[in-house]
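The next block holds one structure in the form of structure tokens; read it before the comments.
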Amino acid sequence: MRVDPDPSRYAPEHLELTVEEPDLDFARAKQIATREARQRASNAMLLSWNDRKRGESYPKFECGSRQRPGWVVFAESRGGNLTVDVNGGEYTFIYLMM
């Protein structure tokens with residue numbers, strides 16, 4: 001499967017964050033991303049994510065044309081409209097801003 005290397009194309013609004021924490025892990029990146037999303041909309045809901053460091057994503061299923069990762073297609077089909085990209089795609093989160 002070809003994975004689009006440019007997270008800015010995952011949702012209409014794109015936010016890039018640089019977090020300079022040497023021990024940054026998925027849980028902390030998610031906490032920071034959610035805080036930023038909720039500053040834009042208090043009820044922002046996390047739809048999907050990708051942890052490039054561990055090679056994991058949610059949800060884990062194949063869908064779409066295989067041109068885009070399943071976790072991206074999942075979020076797009078549910079109205080995901082904010083991508084929060086932490087440290088150049090190390091962690092990527094897609095939210096629904098209502």
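Yes or no: residue 36 under 17 Å from residue 96 (Cα atoms) and in a helix (DSSP H, G or I)?
So residue 36 passes the test.
Exactly one condition in (1) more than 17 Å from residue 17 (Cα to Cα); (2) part of a strand (DSSP E or B) is not met by residue 95; state its number.
Among (1) more than 17 Å from residue 17 (Cα to Cα); (2) part of a strand (DSSP E or B), the lone unmet condition for residue 95 is (1).
I'm checking my understanding of the structure. Among residues of the range 39-53 that are hydrophobic (A, V, I, L, M, F, W, C) and assigned to a loop (DSSP other than H, G, I, E, B), which one is farthest from residue 95 (Cα to Cα)?
Residue satisfying both the conditions and the ranking: 41.
If I filter the range 16-31 for residues that are of a type outside the set (Lys, Arg) and within 20 Å of residue 78 (Cβ to Cβ), do I get at least one hit? Can you show your working first?
Initial filter on the range 16-31 (of a type outside the set (Lys, Arg)): 16-27, 29, 31.
With the extra rule that they be within 20 Å of residue 78 (Cβ to Cβ), the set shrinks to none.
No, every residue in the range 16-31 fails to be of a type outside the set (Lys, Arg) and within 20 Å of residue 78 (Cβ to Cβ).
Examine the range 25-32 for a residue that is surrounded by 13 or more Cβ atoms within 10 Å (Cβ to Cβ), among the basic types (Lys, Arg) and modelled with pLDDT of 95 or more, and state whether such a residue exists.
Yes.
Testing residue 43 on (1) on the phi > 0 side of the Ramachandran plot; (2) more than 14 Å from the chain's Cα centre (by Cα), one condition comes back false. Which one is that?
Result: residue 43 fails condition (1) only.
I'm checking my understanding of the structure. Among residues of the range 35-90 that are of a type in the set (S, T, N, Q) and touching a residue at least 60 places away in the same chain (Cβ under 8 Å), which one is farthest from residue 13 (Cα to Cα)?
That would be 67.
The values are calculated or read from the model by the stated rules, or taken from the named source; none is laboratory data. If you're wondering where the values come from, they're calculated on a predicted model, not measured in any experiment. Heads up, the Cβs are rebuilt from the backbone with ideal geometry, glycines too, and the neighbour counts pull from every protein chain shown.
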